[in-house]
Each structure stands twice: as C-alpha cells, then as structure tokens.
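The values are calculated or read from the model by the stated rules, or taken from the named source; none is laboratory data. Because the structure is a prediction, the values reported are computed rather than measured. Quick reminder, even Gly has a Cβ in these numbers, built from the backbone with ideal geometry, and neighbours come from all protein chains shown. Keep in mind that these areas ignore ligands, DNA and RNA; they rest on the heavy atoms of the full protein, side chains included. Shrake-Rupley method; radii C 1.70, N 1.55, O 1.52, S 1.80 Å.
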Amino acid sequence: MKKIIAALLALVLILTGFNMDVSAASVKLNKKKKTIYVGDTFKMKLKGTKSGAKITWKSSDDSIATVNDAGKVTAVKKGKATITATYKKKDYKCAITVKDKNPLSSTKQGDIITFGKYEQDNDPDNGKEPIEWIVLSSDGKELFVLSKYALDCIPYNIKNEKVTWENCTLRKWLNDDFYNAVFSKSEMSMIKTTEVKNDDNPVVGTEYGSEGGNDTKDQIFVLSMNEATNTSYGFNSDYRKEDIYRRCSATKYAKAQGVQSYDQIATGSQWKEYTTAEGEPTCYWWLRTPGLTSFTVTGGDIAGGIHSYGYQVYDKIFAVRPAMVLNIE
C-alpha cells in the first residue's frame, strides 16, 4: 500500500512540475526588441500572466527610455536601453533603440520642405542649392511632394515617336541621372518606390490612338493630368482654369538650359501677365498623361491651366518638375 501511495505522490510531483514548466514557458514579452522615436510611447505586456500579477518593470537607462509600473515605455533621447520585466524572480528583456524623430513627421499639406540639392542659380562655382518641394499630401507616414520650381529643361522624349511614360527618355533621366546626382544615400533610403498609375487622357480619350500605357514603379516621376487636377492636393479640378497653384517658375539654371518662361515669350500688349503667387514669371512644364496622339503629351501652361491636347514629346523648351513620395516614419 505504501508503495502505491509513494508512486502516486511521485506521479503527482512529475505532473505538477511538468505543468509548471509549461506555464513558465508560456510567459513572454510582447516584444523582444523595438525601435521607437523620441517622444513616442508604447505599452509592454508580459503575456501568459494573470490580470493583477505582480510584475516589476525597470529600464537600464532612464535617460534613454523610461518605463512605468504598468509597462508603458517612453522614449527620451537617442540611444539604446533594455527594458526588463521581472515576474516570479525571472527576468524578461526587451532591447530598445531610440531614434531622433524625423523632422518631416510634422509636415502638413501646403508646407515647403527642402530635400536634395541641384544646380539652380546657374553658378556652379558656389555648389548645388537645396531643392524646395511643395507638400501635396501628408498622412504622417508618407509625403507626396512636387518641386516648387522647374529644375531643368529636358524633352519628354528625345525622338519624335510614339511614346508613353513607361518608355519615354524623361522617365529614365529622372530615375537615373537626376536621382543619383541629387540625393544622398540617406535621402535615397527615404524615397519610396511608387506604383505610378498611367491613365489615358481623361479629356480626349483614346480615339486617336493615345493611351496612357502600362503602370510603372518609379522613385521619381512627373504628375499626371488627374493628379494635377486633384483638389485634395490643392489644385483646381478644371484643367481649363487658370490655377495659380498650378503655375510654376523656372530656376536660372533651367532657363539657361532652354526653358522659356512668360517674360521671355510675352511680347506686346496682347499678353496677359502670368506670374506665380510670389510674382515670378511662369513657364510650361511636363505632365506624363498623353495628349491627343501618342506623339504628344500634356503639360502645365503659363496661365496655370493644362493643355489637354498636348505638346510634341521632343519639344525642347519645356521644364521638368519632379515629384516623389517620401517615407517619413
């Protein structure tokens, strides 16, 4: 009888120990490592514990990140720290990396930011100038931006031939020559590869063989007609309207490369004066939506309207206004 009782007791101990091991193994932090930005907070949780369980929280460096009794972590300054949760004499650790918050994270629509550098004052001896960009949209994670000024004079396509955005030479120049000349490696890491939608012309359609072509994936692109009439970006929805927000002036460098602005082409009293909100003479600039035929492409005009029938793709007086999407998380 004693042997039976001893065996039963041993079995109970084995089973109890096994259950304890299973219970201990199921306890874990919701994060083993985490990257956060200065000023941000997040909640640590020790999974597998009952509500009201006694858990002690501690930071290895309160000057980097603090943690309160409820497991709420607050990022204080750039650096690294370890958050430790102690439960039933066992420690559970999470490695915290705190980074400085991206200064662009508070940017809103209509703001002007600087990003990248390009020759603009036509004086290469003093180096490249920072590029100004208009923020068309911001959701706290991404910025959709358009260059404030026309930066260069590049034909949409170097040959007079049927072409779409997918195979035009301007696309190649923007995503190769321009991209590599303008941005640092850290800036490149913020530029999103964007799914660029290439719609047909919304006004003239495809009756004369003009098609938007295949969608593309680009770091840098130019606006479409639909984007340049999108009211959520601040533009007038009517492509025929003289929209001052669509008007653009060219840099001295772009003019030296061949861009013709209002002050260069307007002669005689019949010309209405067209300037930007800052009083600068305006210019023509490329969009990527095809015009009436595949030999033409739409563009913004000096008045702030859009020429829906388009201009010749090899025209050499048009300006380039790059656009892109920045990841600011």
How large, in percent, is the carbon and sulfur part of the accessible surface of the chain at a probe radius of 1.4 Å?
51
So, for region 110-169, what is the accessible surface per residue at a probe of 1.4 Å, expressed in square angstrom?
45
Relative contact order as a percentage, the chain, C-alpha pairs under 8 Å and 6+ apart, gives 17
Looking only at the chain, where both bridge partners belong to it, what percent of the DSSP beta bridges are antiparallel (to the nearest 5)?
90
Separation between the Lys101 and Lys117 pseudo-spin-labels, each 7 Å from Cα along Cα→Cβ, expressed in nm?
2.8
Per residue, in Å², the accessible surface of region 225-329 once ligands and nucleic acids are set aside, probe 1.4 Å:
42
Using helices alone, what [θ] at 222 nm do you get for the chain, with -39,500 (n - 2.57) per DSSP H run of 4 or more residues, divided over all residues and rounded to the nearest 500?
-3500 deg cm²/dmol
Between Thr231 and Asn126, what is 0.36 nm times their sequence separation minus the Cα-Cα distance? Round to one decimal in nm.
33.9 nm
Highest mean packing first, using Cβ neighbours within 10 angstrom, the peptides 234-244, 118-128, 151-161, 134-144 sort as 151-161, 134-144, 234-244, 118-128
By how many degrees, between 0 and 90 and to the nearest 10, does the Cα long axis of helix 2-25 differ from the longest principal axis of the chain?
20
If I take the Cα coordinates of region 31-131 and project them onto the principal axes, what are the three extents in Å, biggest first?
70, 27, 20
Flagged links, alpha-carbon separation over 25 Å, of Lys117/Lys159; Lys162/Lys252; Lys217/Lys252; Lys72/Lys93; Lys108/Lys252:
Lys117/Lys159; Lys162/Lys252; Lys217/Lys252; Lys108/Lys252
Output ordering of 308-317, 209-218 (per-residue mean of other Cβ within 10 Å, highest first) is 308-317, 209-218
Radius of gyration and Dmax over the Cα atoms of the chain, both given in Å
29.9, 121
